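Written out below as structure tokens is the structure these notes cover.
The values are calculated or read from the model by the stated rules, or taken from the named source; none is laboratory data. Since the model is a prediction, treat every value here as computed from it, not as a measurement. Note: ideal-geometry Cβ built from the backbone for every residue, glycine included; neighbour counts use all protein chains shown. Note: areas computed on protein heavy atoms with side chains; ligands, DNA, RNA excluded. Shrake-Rupley method; radii C 1.70, N 1.55, O 1.52, S 1.80 Å.
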Amino acid sequence: MEWNCRETEHYLLYCRPESLAEEHLEEIGDWQEKCYTRISKALGVTMDKKIRLYLCTSREEIEKETGCPPCNGMCLDYDLIFAVYNQETQCLGPHEDAHLLSFQIAVPESVFLREGLAMYFDKAYHGKENRAYAAEWVKENTGVNVFSYLDNDQFYSLPEEVSYPLAGALTEWLIGRYGMKNYKEFFRTNGDAGAAFQQQADSVSAAFKSEMKALN
């Protein structure tokens, strides 16, 4: 089945003829351009090619097009996004775009880092602020160093509704406390707190948890 295409300043938007995405393609393009501008300005990076965004009608179509498990949204390579857009699900916004733009800085091995920066731009998970999830997490994990989740096995040991917003809350806190320049060094070094913040990871983790605990 063919794809229709609309070009904007930073995107090539693809949709199926007569789909809901085609009906809303202009406003989708406007929204994604606003997201791109916000991410690009915050990170101080741009891309040298347009992002190809395929607006699929279902999770199953993403599976068919990519060969990956069905999902609402995903990025592939360094300029390609697949996202579901239908009556029930409109998987738009900054998340996948933040992945692609952050790859201009580095592609850290740690999923916690990659998802944390994307969730920083999302600000919330299913309508609930990232920090609210982090405040709940810290109540049950007083003895856990949050940087232990830089290890991918540890990250995937958590349910997504914990791991993603926790990573986003930590990223927001680190950027607020140490600034974007130092955070980008943290991102480049795959989570080396000593190199980025001149502090040991356990002391940084303790300070983060103390502030999250105060939210309860």
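Just the residues that are without any contact (Cβ under 8 Å) to a residue 40 or more places away in the chain and within 17 Å of residue 91 (Cα to Cα), please, taken from region 38-55. Selection gives nothing. Considering 96, 109, the condition of being among the acidic types (Asp, Glu), modelled with pLDDT of 95 or more and in a loop (DSSP other than H, G, I, E, B) is satisfied by 109 alone.
Considering region 1-22, and only residues there that are loosely packed, with under 12 Cβ neighbours inside 10 Å and acidic (Asp, Glu), the residue that is farthest from residue 64 (Cα to Cα) turns out to be 9.
Could you say whether any residue in region 180-189 is touching a residue at least 60 places away in the same chain (Cβ under 8 Å), crowded, with 20+ Cβ neighbours inside 10 Å and of a type in the set (A, V, I, L, M)? Checking region 180-189: not a single residue is touching a residue at least 60 places away in the same chain (Cβ under 8 Å), crowded, with 20+ Cβ neighbours inside 10 Å and of a type in the set (A, V, I, L, M).
It is to be established whether one or more residues within region 139-149 are open to solvent by 20 Å² or more (accessible area, probe 1.4 Å), assigned to a helix (DSSP H, G or I), in contact with a helix residue (DSSP H, G or I) (Cβ under 8 Å, 6 or more places away or on another chain) and at pLDDT below 95. Yes; the residues of region 139-149 include at least one that is open to solvent by 20 Å² or more (accessible area, probe 1.4 Å), assigned to a helix (DSSP H, G or I), in contact with a helix residue (DSSP H, G or I) (Cβ under 8 Å, 6 or more places away or on another chain) and at pLDDT below 95.
Can you confirm whether residue 164 is open to solvent by 30 Å² or more (accessible area, probe 1.4 Å), aromatic (Phe, Trp, Tyr) and assigned to a helix (DSSP H, G or I)? When the stated conditions are applied, residue 164 passes them. For the structure I just gave you, tell me whether residue 197 is of a type in the set (Phe, Trp, Tyr), over 16 Å from the mean Cα position of the chain (by Cα) and within 22 Å of residue 98 (Cβ to Cβ). Yes, satisfied.
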